[in-house]
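Reviewing the structure listed below.
Values in this text are rule-based calculations from the coordinates and carry no lab data. A quick note: this is a predicted structure, and the numbers were derived from the prediction, not measured. Backbone-built Cβ (ideal geometry, glycine too); neighbour counts: all protein chains shown.
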Amino acid sequence: PMVEQFRAGKDKAFNALVGLVMKASKGKANPQQVNDVLKQKLQ
């Protein structure tokens, strides 16, 4: 669902995915690295 929304061009869905990663890592993940990795994996 969120991945499909991101691929449809919805930036809020992407930000939600980044938020989930940050929550799972308890804030320890580097947000910029999370952005970069997710963009690579989702394209």
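Here are some notes:
- Subset tally (residues that are over 12 Å from the mean Cα position of the chain (by Cα) and of a type in the set (D, E, K, R)) for segment 8-43: 2
- Taken over segment 4-28, the residue count meeting the criterion of being in contact with a helix residue (DSSP H, G or I) (Cβ under 6 Å, 6 or more places away or on another chain) and not polar (S, T, N, Q) is 7.
- Scanning segment 1-15 for residues that are exposed (fewer than 14 other Cβ atoms within 10 Å of the Cβ) and of a type outside the set (S, T, N, Q) yields a total of 9.
- Residue within segment 24-42 that is without any contact (Cβ under 8 Å) to a residue 40 or more places away in the chain, of a type in the set (D, E, K, R) and surrounded by 11 or more Cβ atoms within 10 Å (Cβ to Cβ) present: yes
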